[in-house]
Amino acid sequence: MKRYINKEERMKQYLNKEERMKQYLNKEERMKQYLNKEERMKQYLNKEERMKQYLNKEERMKRYLNKEERMKQYLNKEERMKQYLNKEERMKRYINKEERMKQYLNKEERMKQYLNKEERMKRYINKEERMKRYINKEERMKQYLNKEERQYINKEERMKRYINTEERMKRYLKGKRISIKRSE
């Protein structure tokens with residue numbers, strides 16, 4: 001009987017051992033599941049990490065693109081600056097051209113004034129020349145008048161002389177008559 005009881009007891013113990021073994025296996029299984037869970041967690045974390053890295057990579061790419069964009073904008077700004085400077089340069093050249101044009105026009109104006117001055121000088125010389133001719137004409141006129149005057153005076157003188165001659169002749173003749181009468 002004791003043996004049977006002992007056998008029963010051992011059987012229980014065996015079952016308990018089996019139970020424990022199951023529990024142990026269950027524990028092992030749970031441990032595996034836990035490890036699997038840990039593994040999945042790691043994988044998840046790795047996935048998260050990769051996602052972060054991907055996002056970081058995306059961020060860097062954006063920054064790079066932003067940098068590229070800024071570089072383009074900078075180059076565009078440089079280009080605009082060059083164009084502005086070129087525009088400034090062209091403006092300076094245009095202003096210089098305008099200035100030269102003004103100087104040329106001023107030179108033209110001075111040339112016209114000089115030519116006008118020359119023209120006026122010619123007119124003045126012509127006026128002087130005409131004045132000289134007029135003076136010469138006046139002088140000739142005076143000389144002519146003087147000549148006429150002299151001729152007139154000479155004529156008058158001759159006339160007087162003629163009258164005087166006539167007078168003397170009359171006197172002479174009168175004197176002759178008197179003497180003829182006396183002689184008669």
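Using every pair of separate Cα atoms, the Kirkwood estimate puts the hydrodynamic radius of segment 38-92 at 14.5 angstrom.
For the set 72/92; 47/67; 17/42; 122/147, the pairs lying more than 31 angstrom apart at their alpha carbons are 17/42; 122/147. Normalised Debye scattering of segment 1-102 at q = 0.19 Å⁻¹ gives log10 I(q)/I(0) of -0.99, counting only Cα atoms as equal scatterers and leaving out solvent. About its Cα centre, the chain has a charge dipole of approximately 1300 debye under the convention of +1 per Lys or Arg Cβ and -1 per Asp or Glu Cβ, with nothing else charged.
Comparing 24, 134, 91 along the charge dipole axis of the chain, the residue lying farthest to the positive side is 134, per the Cβ-charge model.
In debye to the nearest 20, how big a dipole does segment 48-114 give about its Cα centre with +1 on each Lys and Arg Cβ and -1 on each Asp and Glu Cβ?
240 debye
Over segment 68-160, the hull volume per residue, using the convex hull of the C-alpha atoms, is 32 Å³.
Projected onto their three principal axes, the Cα atoms of segment 84-132 cover extents of 69, 5, 5 Å, largest first.
Considering only 84, 34, 124, the Gaussian network model of the chain with Cα springs below 10 Å gives its largest mean-square fluctuation to 34.
Summing Lys, Arg as +1 and Asp, Glu as -1, what charge do residues with Cβ under 15 Å from the Cβ of residue 61 carry, residue 61 excluded? Spelling it out: positives minus negatives among the neighbours equals +3. Dividing the helix sum by the residues of the chain, where each DSSP H run of 4 or more adds -39500 (n - 2.57), gives a mean residue ellipticity at 222 nm of -38500 deg cm²/dmol. The spread of Cα positions in segment 1-51, taken along each principal axis and listed from longest to shortest, comes to 71, 5, 5 Å. To the nearest ten degrees, helix 2-183 and the longest principal axis of the Cα atoms of the chain are 0 degrees apart. Taking 1.567 mPa s as the viscosity and 4 °C as the temperature, the Stokes-Einstein diffusion coefficient of the chain based on its alpha-carbon Kirkwood radius rounds to 38 µm²/s.
Bear in mind that the values in this text are calculations on the coordinates, not laboratory data. Nothing here was measured: the structure is a model prediction, and the numbers come from that model. With ideal geometry, Cβ positions are generated from the backbone for all residues, glycine too; neighbour counts draw on all protein chains shown.
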